[in-house]
Structure formats: C-alpha cells, structure tokens
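Notes follow once the structure below has been shown.
The values are calculated or read from the model by the stated rules, or taken from the named source; none is laboratory data. Note that this is a predicted model, so its numbers are computed, not measured. Methodologically, a virtual Cβ is constructed for each residue, glycine included, from the backbone with ideal geometry; neighbour enumeration extends over all protein chains shown. Protein only, heavy atoms only, side chains kept; ligands, DNA and RNA dropped before computing areas. Shrake-Rupley method; radii C 1.70, N 1.55, O 1.52, S 1.80 Å.
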Amino acid sequence: MGDFMAEVKIGMTIEEASEYTGIGRNTMRKLVEWEKIPVLRIGRKAIIRRDILEGFMAANEGRNLRNEHDVKAVKN
C-alpha cells in the first residue's frame, strides 16, 4: 500500500518523500534544513510536494547530495 499512496499523494512527509525518491531520511532532512527543497510547514511537520521532488531529482542528477555546496536548490 505504501507505493500506491506515494503515487497518489500530492504532498509527502519527509519519511514518505525519502521512500518515494530513495534518498535517505537523514539526507532528506538535511536538504530541507539547507533550504534546497521547499516545504509546507504544519507545526513541526514538513510536507514536500511531489512535483518539487521530481524537479529536484532532475536538477541534481549526478550531484553529491551530502555536499551542501554541490546541491542545486529548487523553487516552487
């Protein structure tokens, strides 16, 4: 069911976005902290739009996502 939900949802938590993209949770959290991926904040919860994730993946193909200076930020 997890795969089906990731395909249907327009917004995902960091954990769901991590599963959807294959990027580790800690790396995903860092990308949000570094403001490379814009999020919608609901209290402490961060929601990431699916189209933003797809654009981020395309823009950063071949880059080292653990190096803040090598990652291209995406805008919504």
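Count Lys and Arg as plus one, Asp and Glu as minus one, and take only other residues whose Cβ is under 13 Å from that of Leu31; the net charge is then +3.
Computed extension length for Met57-Arg25: 10.0 nm, one decimal, from 0.36 nm per residue of separation with the Cα-Cα distance subtracted.
In the context of the full set of protein chains, residues of the chain present 69 Å² of accessible surface per residue (probe radius 1.4 Å, heavy atoms only). The dipole here belongs to the chain: it is taken about the Cα centre, uses +1 on the Cβ of Lys and Arg and -1 on the Cβ of Asp and Glu, and is about 340 debye.
Against the main long axis of the alpha-carbon atoms of the chain, helix 50-59 sits at an angle near 30°. Taking the Cα atoms of the chain, the ratio Rg/Rh between the radius of gyration and the Kirkwood radius comes to 0.93. In the chain, taking the dipole from charged Cβ atoms about the Cα centre, the farthest positive-side position among Asn76, Gly24, Asn64 is held by Asn76.
Quantify, in whole percent, the carbon and sulfur part of the accessible surface of the chain (1.4 Å probe; protein heavy atoms only). Whole-percent figure for carbon plus sulfur exposure: 48.
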